[in-house]
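The structure appears right after this line, and notes come after that.
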Amino acid sequence: MEVLILPHHDATAVRAADIVEVQLRQKPSCTLGLATGSTPIALYNELIRRHRSNGLSFSQAASFNLDEYIGLDPTHPQSYRRFMNDKLFDHIDIPITATHVPNGLAENPLEEGPAYEAKIREAGGIDLQILGIGSDGHIGFNEPTSSLGSRTRIKTLTEQTITDNSRFFEAGEAQPHLAITMGIKTIMESKRILLLATGEGKAEAIAATVEGAITAMCPASILQWHEKTTILIDEAAASKLQKRDYYQWVSTQQDALVRKYRPSDLPEGL
Ligand code: PGA
């Protein structure tokens with residue numbers, strides 16, 4: 001795993017946008033895996049800024065989101081389809097028909113998972129998957145004890161996740177307890193993964209992910225097994241890592257190697 005520690009949240013967003021930009025430049029018709037939540041908003045703002053001011057184009061790209069609440073209409077303010085339209089898709093040039101979010105209103109929700117998997121396969125798989133992480137180590141809505149071999153399916157949310165996400169719902173508003181989520185195996189098939197986490201509330205989950213044992217109790221820990229994962233975090237989220245000095249040293253060495261031998265992996269102008 002590559003662990004990049006940057007001083008603060010905004011710096012992680014700029015670095016994450018660099019990675020997305022390089023991906024789009026190297027393969028304009030790439031398939032992006034996208035995430036909702038507070039963490040990627042700064043990344044999406046930076047991508048919108050680059051689209052407007054530097055001509056960064058998504059016109060040939062496609063996207064698949066990780067998850068959606070069961071029972072929420074796509075226009076509901078808390079639905080993840082609405083989130084993605086509001087926070088990203090309405091402000092860039094990706095064709096809306098090339099953007100995919102699981103259907104939380106599928107007539108038969110048990111069939112939506114396999115149908116979503118088939119669409120990902122038809123698109124040739126995910127080139128770059130963006131992930132957040134829950135304070136309990138979940139990725140997508142794969143809660144602790146989710147099968148590490150799981151596919152897109154319905155999950156029952158934990159009390160912890162429902163509490164963490166209650167801040168987005170109005171007092172007294174019904175909050176779904178079920179969601180449809182890409183599975184852990186689905187996520188692991190992405191060619192490249194970029195996990196973003198900032199703030200002290202994520203420090204324990206990050207320590208368990210990077211330095212703990214691989215276990216379904218911390219679903220993100222399976223990423224230790226992935227060939228090309230970057231954990232991009234701020235100082236606060238890194239605060240419980242034991243080997244942070246080593247990670248900083250590795251990233252200085254890696255940067256020097258890329259600059260010398262694979263400059264095409266750097267964003268333009270660097
Ligand atoms: P957050 O959520 O970005 O709002 O902290 C992350 C997650 O639950 O995956």
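Of all the residues that make up region 79-133, how many are without any contact (Cβ under 8 Å) to a residue 60 or more places away in the chain, in a helix (DSSP H, G or I) and surrounded by 17 or more Cβ atoms within 10 Å (Cβ to Cβ)?
9
Can you name the residue in region 155-188 that is without any contact (Cβ under 8 Å) to a residue 60 or more places away in the chain and among the hydroxyl-bearing types (S, T, Y) and is also farthest from the ligand (Cβ to nearest atom) among such residues?
T156
What is the number of the single condition among (1) closer than 15 Å to G137 by Cβ; (2) touching a helix residue (DSSP H, G or I) at 6+ places or on another chain (Cβ under 7 Å); (3) among the charged types (D, E, K, R) that D265 does not meet?
Failed condition: (1).
Answer yes or no: is there a residue in region 60-68 that is modelled with pLDDT under 95 and either assigned to a helix (DSSP H, G or I) or more than 15 Å from the ligand (Cβ to nearest atom) (or both).
Within region 60-68 (the criterion being modelled with pLDDT under 95 and either assigned to a helix (DSSP H, G or I) or more than 15 Å from the ligand (Cβ to nearest atom) (or both)), the answer is no, since none of the residues qualifies.
Condition first: closer than 18 Å to S79 by Cα and among the β-branched types (V, I, T). Now tell me which residues in region 135-155 satisfy that.
Residues satisfying the conditions are I139, T152, I154.
Could you tell me how many of the residues in region 116-154 are small (G, A, S), within 10 Å of the ligand (Cβ to nearest atom) and touching a Pro at 6+ places or on another chain (Cβ under 8 Å)?
Counting residues in region 116-154 that are small (G, A, S), within 10 Å of the ligand (Cβ to nearest atom) and touching a Pro at 6+ places or on another chain (Cβ under 8 Å) gives 2.
When only residues in region 1-40 that are assigned to a loop (DSSP other than H, G, I, E, B), within 16 Å of the ligand (Cβ to nearest atom) and small (G, A, S) count, which is surrounded by the most Cβ atoms within 10 Å (Cβ to Cβ)?
A35
Among the numbered criteria (1) under 13 Å from L88 (Cβ atoms); (2) away from the ligand (no atom under 16 Å from the Cβ), which one does L43 miss?
(2)
Name every residue in region 134-164 that is more than 17 Å from A213 (Cα to Cα) and surrounded by 19 or more Cβ atoms within 10 Å (Cβ to Cβ), in order of residue number.
G134, G140, F141, N142, S150, T152, R153, K155, L157, T161
The values are calculated or read from the model by the stated rules, or taken from the named source; none is laboratory data. Note that the structure is predicted; figures quoted are calculated from it, not measured. When we count neighbours, we look across all protein chains shown, and the Cβ atoms used for this are built from the backbone with ideal geometry, even at glycine.
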